[in-house]
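Here the structure comes first, spelled out in structure tokens, and everything after it is commentary.
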Amino acid sequence: MIRIIGIDPGSQRTGIGIVDVDAAGKLSHVFHAALMVADEETFTLRLKRIFDGIDEIIATHRPVECGIERVFMARNADSALKLGQARGAAICAVVHRGIAVHEYAATEVKKAVVGGGRSDKTQVQHMIGVLLGLKGPIQADAADALAIAVAHAHTRASLERVGIPRTAWRRRR
């Protein structure tokens, strides 16, 4: 059994999702949440809250691998910078715990979960619910984080089947 944490970084909300995957590839939901950080007094306190929140979740659930969304170019440079800093805080929390980080573009995640790289958030939320047997609505950022974890599980299984060594894996950071 491999436990994977998926992270959808954001400067206002950071999605966290954790799944287990067994040797046969069966996925099981472990945990999901959205870290709400927008109410912090300063941006630096938001970054600290992201780091501390992820660190605490890792300590509690003990994942051994991590998938995180790769930065995309936003329309607003200031927003892109803040997103990059939030992502950096998340990566530091994961690496602090000795876990390697594997990066995925949003289109890769959507293809792995929904089957198309241009799927919308509603489709991702629905498919994550179906794949993991979750009932009721799933917060969008948490669903995206679970989708990243699922995409990582699918990618690692495919690479193992074709015999690509993990040290040659390009998504490893």
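Taken together, the values in this text are just the output of simple stated rules run on the coordinates, not laboratory data. Since we're looking at a predicted model, the values are computed, not measured. Note that each Cβ is placed from the backbone with ideal geometry, even for glycine, and that neighbours are counted across all protein chains shown.
Things to note:
- Along its three principal directions, the equivalent ellipsoid of segment 2-168 from the Cα gyration tensor extends over semi-axes of 24, 18, 16 Å, largest first.
- Counting 0.36 nm for each residue step from Asp78 to Ala105 and taking away their Cα separation leaves a gain of 7.7 nm.
- From helices alone, the chain scores -16000 deg cm²/dmol at 222 nm; the rule is -39500 (n - 2.57) for each run of n ≥ 4 DSSP H residues, then divide by the residue total.
- A crude spin-label estimate for the pair Lys135 and Asp39, with each label 7 Å from Cα along the Cβ direction, gives 2.9 nm.
- Among beta bridges identified by DSSP and lying wholly in the chain, the antiparallel ones come to about 70 percent.
- Restricting the trypsin sites (Lys or Arg not before Pro) of segment 63-122 to loop positions (DSSP other than H, G, I, E, B) with no more than 13 neighbouring Cβ atoms within 10 Å leaves Arg75, Arg118.
- Of the residues Gly129, His32, Thr44, the one whose Cα sits farthest towards the positive end of the charge dipole of the chain is Gly129 (charges of +1 on Lys and Arg Cβ, -1 on Asp and Glu Cβ, taken about the Cα centre).
- Put in order of Cβ neighbour count within 10 Å, fewest first, the listed residues Glu40, Glu108, Glu56 become Glu56, Glu40, Glu108.
- Residue pairs exceeding 24 angstrom between C-alpha atoms, taken from Lys82/Lys135; Lys26/Lys135; Lys110/Lys135; Lys48/Lys111: Lys82/Lys135; Lys48/Lys111.
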